[in-house]
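Q: Just passing along the structure, written as structure tokens.
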Amino acid sequence: MNLDQPHTTETSSSESSAQKIKSTTPRSQVKPDVQKFDLWWSQQGKPSATLKEQVLYLITHYQIDPLLGDITIHYQQGRWVPHITMDGWMKIINQHPSFCGIDFQEAQELIDGVPQWMSCTIYRNDRVIPVTVREYYAELKQESMAWLEIPRRLLRFRSMQQCARLALSLSTPEFAHQALEHNKSSTHSLGLENKQEAEILSPLEKIKTHIMKEKSAELTETS
């Protein structure tokens, strides 16, 4: 061994990857282009300031782009709700640092030519056992043109959403709204004595909106 030569150490690929991850700016700190967002928002024709704050928060938190169609706004059950598209969901999933792969399976049994169920499996690089979620066509089918034209794609999309929700801890206002509407519809069958329990998500949703409003205000001040 030549003691005159400077001592060097080789950096393993895992150490190098870890250093890259540490040096990467957190997604929540990457601010959106406010001018482009305002331009996109002006084309939506939605006057609600609260809705705008929700959308801006989602764009910032998940680093998605409305100009590329990653998020839209849908009118559901008498109100406007932010809706992350299939492309947006795939971008969010692929950006997750623990995401390691995805797989889909479908039933052989058919209902009106559509698989009875589809399952989604998501693998994480920091977990031994993957997460699998199965969604059933009979439970999700809606009387809409989309479900008549592309039922397989929507069934696959819903299974992917729910699997990402459990495997990667992802959440959007869509889930809270769906649960709220489900509870409202269940109130009639449960009776008035369970009405308060069925509407428990209403104040929780208000709290989430308040948090989104504060986050959006911080982004506006620092941009």
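Q: Specify the residue that is modelled with the highest pLDDT; the eligible residues are those in the range 15-56 that are of a type in the set (G, A, S) and within 18 Å of P97 (Cβ to Cβ). Please lay out each step first, then the result.
A: As a first pass, look at the range 15-56 and keep what is of a type in the set (G, A, S): 16-18, 23, 28, 42, 45, 48-49.
If we keep only those that are within 18 Å of P97 (Cβ to Cβ) as well, we get 16-18, 23, 28.
On the way: S16: 44, S17: 43, A18: 42, S23: 40, S28: 50.
In this case the residue turns out to be S28.
Q: Right, something else. Quick check: is even one residue across the range 85-99 in contact with an Asp or Glu (Cβ under 8 Å, 6 or more places away or on another chain) and charged (D, E, K, R)?
A: yes
Q: Of the residues I64, I59, I73, only one is assigned to a loop (DSSP other than H, G, I, E, B), at pLDDT 85 or above and in contact with a helix residue (DSSP H, G or I) (Cβ under 9 Å, 6 or more places away or on another chain); which?
A: None of the other options fit; the residue is I64.
The values are calculated or read from the model by the stated rules, or taken from the named source; none is laboratory data. Note that the structure is a prediction, hence the values are computed from the model and not measured. We place every Cβ from the backbone using ideal geometry, glycine too, and count neighbours over all the protein chains shown.
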